[in-house]
Amino acid sequence: MTERLAFYAAVLILVTVSSSPVRLLLEQSLVSHLLIQMPALVLCGWTIARRHRDAINRGRESFNVGGATGLSFALIVFSFWMLPRSVDGSVQNPLYEFAKFVTLPFAGASLALSWPKLPPLAIGILKCNLVSMMLVLSWIYTTSPSRLCNSYLRDEQDMLGQIVAVLAIGLGCLFGGSLFCGTTTIVRRKSATPIGSGGRE
Amino acid sequence: MHQTVLFTSLVLMMAVAAIFLFSLSRSGAGDGSKKAPKLGALRFVLFIGALVLGAAVSIGSLRPWPRAVAAGADVVSVKVTGSQWSWEIDRKTIPVGKPVTFNIATTDVSHGFAVYDAGDQLLVQSQAMPGYINRVSYTFRTAGKYRIFCMEYCGVAHHDMTDEILVVAQ
Amino acid sequence: MRRTLFATCLVLAFGAAVLWWATSGLRAFTAETARRIAVLASPEPIPDVELVDGSGRSIRLSDYTGQAVIVDFIYTQCPTICVSLGDNFGRLQERIKADGVPAKLLSISFDLAQDGPRELSEYARVHGADASIWKLARPRNAGELRLLLEAYAVIVLPDGIGGFVHNAALHVVGPDGKLTGIYDLDQHNAAFLALRSFIK
Amino acid sequence: MAQANAPGTISAPSCPADGAVKLTMLLTVAVLLLMMAFGLTMRMAQGALIQIDPTIFYRLMTAHGIGMVGIAGMSGSAIMWYFLSRHVSLAGWVFWIHLGLFVVGVVAILGSIFIGGYAGAWTFLFPLPAISGGVWDVGAAATYLIGVILVGVGFLVYLVEVGRAVIERYGNFANALGWPLLFSGKQDDVPPPTVIAAAAIVVFNGISTVVGAAVLIISLINLYLPSFTLDALLAKNMIYFFGHVFINASIYMAVIAVYEIVPEYTQQQWKVSRSFVASWNAVVFLVMAVYTHHLFQDGVMPAWALVMGQIISYASGIPLLVITTFSLLTYLYRSGIRWDLASALLVTGIFGWSIGAVPAIIDGMISVNNIMHNTQWVPGHFHLYLLLGQVALTLGFSAWLTRTGVHASLSGWNARGFTIYLLGGMGFAIVFLVSGASSIPRRWATHLPEWHLQDQVGSLFALAAILGVGIIVLPITKRLVLSMRG
């Protein structure tokens, strides 16, 4: 039920942020462009795909074992839109803008299909890497000697950097904190000998 | 001060070593009562003792504040700037008995400014950090030549980054 | 498993290609750098828009044919970056004089509302512009201004407190009237060397 | 928890990536001896016993620093992996990746130093890698940073796998850190010491790796885009936070060998008491907050941070001395322990760590730091708990790992090697402390003539330490190679 509700909400939000006035409003500031519009597009893609996960996955599982393909796609898309040049492009070039509204929801969708399949090790590494990278990004935004995006004001870039730093620390605390209140089923084993021992090489 | 620090450390290290030796000398299987006596109480006493001792020494060592910077009309102010690999000191003759505040800067990487007396004992030091000015104060009690050494590794001529100041009687 | 490996490699290879393209081969992460690399590689013609200088005379880029020009964009009320541009132009003017290079300087104001002939003359006076080398001018109307800004890829944003934010740079226009190089405002040495390169 | 194997057997449960652990110990022995040789070379150069160019000296110094820190971390991680696999289910291939990234990183680092000429010290203190005074170029510094990043990524993978396995078994880190016992006295399913230690290490070393990765990447970007500068004070905080936690973690990981092996000798389980749990939980916080004692000489640091550094320096000695050392000694008391190479080295490890804490805590006082900072006092204290602590624990683990059916008793060459190593190591470190009290700066390629005598005595002890380690590791290496072939 909630998933259905979320699905419709996501469709609604996707339509809303794509509509001209809202789109332009969010793109007026670098902060809302990068921290509201772009994440919203990803989240909508995620939510929409999640509802039809099984239908989409059916017959295609073998192409996305462990979520590797979907994750790679999403990471490439995110890297592309992290480039200041792409951000500038999306404001000035309708083709870029169109690409953004297509690729980001697709990246979100591909993440939604892949995330549950990712091995916990990969998820842990991704989370650590995310926090680290956000700290670096925050530094880049705040210390860049010039504006990274010609389309935006320097103040906004500084503000973006500061918000990203706060988000990085917040996410770090969240990820760290979640380790302490996990509810994973406890696997009790009698033997202390490890399962899946690599044995002697 | 230097010798006291060394002496105290060595004595405490020997104390720790003595405890080890005592315990190890009794590591052989004893008579029937194999296990050590209940030591929970002793551990607790040690813990509390360590806390109390630590608090006392810590408070004592921090009063007066060991990084206090002298200020006032009679303070001699010296500007020191480190660069790979030399010092620039704007005032190299300093009166004896007056508090001196060194304002330490650097033009490139981190350096460490340290003043050594004629007996090659380190008297006072402070880091030089890019973009900052670190301040440290010292009052020279005897006239003579004092050497300036670099204490923070700053590249391949780090050990050559030396200079001299002269403390003179007024 | 094999299918996934294949698909992942395909995605990564395609992605790497896209990112390579999107950064001009890992050289340009910002639109500004990309623009500079593109201009250096293939100089772009600049529309011959008519400008008006402080004393009402008309100036065209075509007036400079045969001579290299460095163009910058300013507004005279600018408290920060245009002052710095002015200083760097001043330095360039001295070097052009001293060196005898056949080159000129041109500052174009994009603040049509506030920068009239009087303001332009005042800016020239403050920065010591020698009219035989360094001229100041403004486009006649907003349409022509837009044309000019687009050609130089200068983006001007109102900063909300009466001024503007704009990408400040030294634009080198060759004797053939083509934009051949864009340099940071403090790279006046590189810009000057670019001017000299046209002599031989 | 399983009853550990009785002494005298060789049927230790093999761990996942058993081969990688053994390979790591072999690598450790090789790197250790090489880096000790570098150390001896530096001491001899300082004592004017040999002449080397300062440029070479500082390259050796950089290699010695990063090599020792790296191999301490790597060997510690192998020890923790080996024993943790007794309690949780670890995926063997992860350790192979960890080891592989380490080796690639080390190759990059060695290349940057000995081919590229990088000599910016292992601490890569911003902005020294970028500003070399024309001695090494940007490429060398970048290769160095990339090498360290690769090693760091290996550690991240390793730590995440450990964290994953611990959560899989204990549900969450609160359980794995023994909070139910600590806060409500619950006695059921109390994690063994190894799990508690591993969980604590994952928390603090994980955080430090994330911060370290950020500052490394920032330094790397700064090399190529110098106009992107980093605040030097922030950089220093980040680097010392990362470095301090990392090197501490290497000791804490190795201590697990004591928790797991000593009970085999004393026939008494290492008990997880409330105070044990409390001290490890305290360590999580203390080890991260203590790094400011590296910044006492930076007057621009806020005073509260410096006071915190002094207090926590002292406080972090308490869990060590009152819990680990005290417990070990009570376990040994009247235990009838059989002394062999492994047990002797493991006890030495705790001994070196404990006595090393003394000069560390004393230098952690601001008033002392004012005259001891960056003198040879600093290498003095950390050689006590690295050379006589971490290294002893690692060698002890290796000796135990390769023990033969009959325990190698502490006699003959074993005893000689052990004694020479112990005396050499002690003497070496104490000479450093004496030199520190004589205000001799650390990290100086050439020394004043009046310092030469101390350097020469130090060189002699260094030679002894190398000799001792050499004698100890010779049979261990042979057996490691044999057991890997078999």
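Okay, here's what the table says:
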read-out	value
Residue check, D:S89 polar (S, T, N, Q) and more than 14 Å from chain A (Cβ to nearest Cβ)	no
Of residues in the range D:221-238 being without any contact (Cβ under 8 Å) to a residue 60 or more places away in the chain and facing another protein chain (nearest Cβ under 7 Å), the one surrounded by the fewest Cβ atoms within 10 Å (Cβ to Cβ)	D:S227
Answer residue from the range D:168-191, given it is surrounded by fewer than 22 Cβ atoms within 10 Å (Cβ to Cβ) and under 23 Å from D:N248 (Cβ atoms) and is nearest to the other protein chains (Cβ to nearest Cβ) among those	D:A174
Condition met for D:M68 (within 14 Å of another protein chain (Cβ to nearest Cβ), within 23 Å of D:S112 (Cβ to Cβ) and of a type in the set (A, V, I, L, M))	no
Count of the range A:146-184 residues which are among the charged types (D, E, K, R) and touching a Ser or Thr at 6+ places or on another chain (Cβ under 7 Å)	2
Filter result for D:V88 (in contact (Cβ under 8 Å) with a residue 24 or more places away in the chain, under 30 Å from D:P263 (Cβ atoms) and hydrophobic (A, V, I, L, M, F, W, C))	yes
So A:T103, is it within 14 Å of chain C (Cβ to nearest Cβ) and either in contact (Cβ under 8 Å) with a residue 24 or more places away in the chain or touching a His at 6+ places or on another chain (Cβ under 7 Å) (or both)	yes
Output for the range D:271-284, where each listed residue is crowded, with 22+ Cβ neighbours inside 10 Å and either farther than 15 Å from D:L321 by Cβ or acidic (D, E) (or both)	D:V277
Matching residues, the range A:37-55, being surrounded by fewer than 16 Cβ atoms within 10 Å (Cβ to Cβ), without any contact (Cβ under 8 Å) to a residue 60 or more places away in the chain and in a helix (DSSP H, G or I)	A:P39, A:D54, A:A55
Residue in the range D:47-57 that is buried (at least 24 other Cβ atoms within 10 Å of the Cβ) and part of a helix (DSSP H, G or I) present	no
Of all residues in the range D:434-448 being farther than 26 Å from D:A63 by Cβ and assigned to a loop (DSSP other than H, G, I, E, B), the one that is farthest from the other protein chains (Cβ to nearest Cβ)	D:S438
Scan of the range C:1-18 for residues that are in contact with a Phe, Trp or Tyr (Cβ under 6 Å, 6 or more places away or on another chain) and within 16 Å of A:F78 (Cα to Cα), ordered by number	C:V11
Residue satisfying all of: in the range D:101-121; part of a helix (DSSP H, G or I) and either within 14 Å of another protein chain (Cβ to nearest Cβ) or in contact with a Cys (Cβ under 7 Å, 6 or more places away or on another chain) (or both); farthest from A:L121 (Cα to Cα) among these	D:I113
Residue match in the range B:145-153 (condition: more than 23 Å from D:A232 (Cα to Cα), part of a loop (DSSP other than H, G, I, E, B) and more than 10 Å from every other protein chain (Cβ to nearest Cβ))	no
Tally of residues being at pLDDT below 85, under 21 Å from the mean Cα position of the chain (by Cα) and more than 19 Å from C:R60 (Cα to Cα) across the range C:98-140	1
Test: residue in the range B:95-106 that is surrounded by fewer than 12 Cβ atoms within 10 Å (Cβ to Cβ) and among the aliphatic types (A, V, I, L, M)	no
The listed residue being facing another protein chain (nearest Cβ under 8 Å) and among the polar types (S, T, N, Q), out of D:T330, D:T292	D:T330
Checklist (1) closer than 30 Å to D:V272 by Cβ; (2) touching a residue at least 40 places away in the same chain (Cβ under 8 Å); (3) within 13 Å of chain A (Cβ to nearest Cβ) applied to D:F126, failing item	(1)
Qualifying position, being at pLDDT below 90, among the hydrophobic types (A, V, I, L, M, F, W, C) and under 30 Å from B:L166 (Cβ atoms), among B:A55, B:A29, B:A71	B:A71
Any hit, the range D:339-348, residues being facing chain B (nearest Cβ under 10 Å) and at pLDDT below 90	yes
Any strands (runs of 3 or more DSSP E) falling wholly within the range C:125-200 and containing at least 3 residues that are under 18 Å from C:G54 (Cβ atoms)	C:134-139
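The values are calculated or read from the model by the stated rules, or taken from the named source; none is laboratory data. This one's a predicted model, so the numbers in the text were calculated from it and none came from an experiment. Here Cβ is always computed from backbone atoms with ideal geometry, including for glycine, and neighbour counts include all displayed protein chains.
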